[in-house]
Each structure stands twice: as structure tokens, then as C-alpha cells.
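Down below is the structure, laid out as C-alpha cells.
The values are calculated or read from the model by the stated rules, or taken from the named source; none is laboratory data. If you're wondering where the values come from, they're calculated on a predicted model, not measured in any experiment. For neighbour counting, all protein chains shown are included, and Cβ atoms are generated from backbone atoms with ideal geometry for every residue, glycine included. Just so you know, the surface numbers come from the protein's heavy atoms only, side chains and all, with ligands and any DNA or RNA stripped out. Shrake-Rupley method; radii C 1.70, N 1.55, O 1.52, S 1.80 Å.
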Amino acid sequence: MRRSNPWPAFADLFAALMIVSFGGLMLLSASYQKRVEQEVVVSELRRVTDEIHHKLRLAVGRQPGLKSVIRPCGEDTCVDLYIHFARNENVIAVSSELQAIRQLGLDLRRGLDELGTLDRRDVEIIVEGHADRSQVLRVPDRAAFLYNWNLSAQRASSVVYEFRSTAQLQVPEYKIVAIGYADSQPLCVELTDQCEEMNRRTTLRLRVDTLSVEKRLQHPVLK
């Protein structure tokens, strides 16, 4: 038997549509709010990382006795330090450069400490050793292959040692590590003395752990 009055059915349908529409609006509102919060976090993340890089670049730039080139490298800041090591040695040969490296360690620590304990934990200092393509001759192939890798790592470790002995820049209070790249990351490939000198360098890479910063920004209680 058909209903004589269809309005109750229309009223039920209208009510159902209203509920669905309201639910949709709530989902859209929550999605929009989440997107706004994410954009705020990203904006604050960029501000924090830019501030950290700026302070560390200022610390590095105060070394007149040391030839250095500051350059961007992805999201990191790289500082190429042209330190003179004796041939086939891992000891800094020029006394003025040694003093500059020690002062750099003090300035780096001061710059990190100014960030505060929390932001300091987000910064990693990576000291990279880079060699030219020359290798010792008249040695077995394995020794020739390993030579520049070992030498570049030892030279990077020498810089980290000076940072530690002078400024107490060491784990776990500070994130600092040494790594050797041998001749695997040349800045130039020309077969000239000038190019080889450019490739023989120690790179100070300043890296901000953006995931750690983002986590703290999203969860302030973790501070």
C-alpha cells in the first residue's frame, strides 16, 4: 500500500543529506586545518635551519689565517678548508693554519652553544677529507687503491682531533664525525697542478637534522 503523504520520506532524505554534508564539511575543515599546521611547521623549520646555518657560517668566516671557500651543497653548508699537509702525511704542516684550525674549533663551539642545547643537538659537523688523484707507486694494487682513502680519512680525523683537544668538540655533547672520500668527489678534473691543489682539501659540512627539528616543532612537549 502506497503512502498517501510523501513528505516524511523527503524529510528523512533531507536530514540524511544534511548529516552527510555536515560530515563532509567537518572532514574538509580538519584537512584544511592540518594543511595550515603543516605549512606553519615547514615555514618555522626553514627559519630555524636558516638561522642555524647563518650562525655557523659566521663562526667559520672569522679565520683570516686559513684559506676557505663557503658554498651551498644541497641543504647543507660546505666550507672547503685548504690545509697544507706534508706529502703522504696527516699532520697539518703550516703552524699558522694549525692555529687557525684550533681557533675555528673554538668559534664553532661558541656558535653551537649559542643555539642552545636543543638546537645544538640538531646540528652535525662532518669533516670530510679529499685527496687528489696521485697515489704512491710501486705498491700492490690493493695498497694503491686503499692509500688515498686511508690518507684522506686520517687527515679529516686530524682536524677533528684539533677540534676536540682545543675546544672539546666531541661526542656525545656534539655531533661530529670524520670521513675520507679519497679522490671520489673532485671539484675539477683538469690535469693541472692548480686543479689538483683545489681537489686536495678538507671540507667542513654543516648539516641540520631537519627531521629532528620538524619533530620538535610538531610536538613542543618534547622540548
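Worth pointing out:
- Picking from residues in the range 72-85 that are in a loop (DSSP other than H, G, I, E, B) and closer than 22 Å to Thr166 by Cα, the one that is most open to solvent (accessible area, probe 1.4 Å) is His84.
- Any hit, the range 128-141, residues being within 26 Å of Val189 (Cα to Cα) and assigned to a helix (DSSP H, G or I): yes
- The single condition among (1) surrounded by 14 or more Cβ atoms within 10 Å (Cβ to Cβ); (2) within 19 Å of the chain's Cα centre (by Cα); (3) not aliphatic (A, V, I, L, M) that Tyr147 does not satisfy is (2).
- Residues in the range 181-202 that are of a type in the set (Val, Ile, Thr) and surrounded by 13 or more Cβ atoms within 10 Å (Cβ to Cβ): Thr202 alone.
- Options Val69, Val91; residue that is open to solvent by 50 Å² or more (accessible area, probe 1.4 Å) and modelled with pLDDT of 90 or more: Val91
- Subset of the range 166-180 [among the small types (Gly, Ala, Ser) and either open to solvent by 60 Å² or more (accessible area, probe 1.4 Å) or under 18 Å from the mean Cα position of the chain (by Cα) (or both)]: Ala178, Gly180
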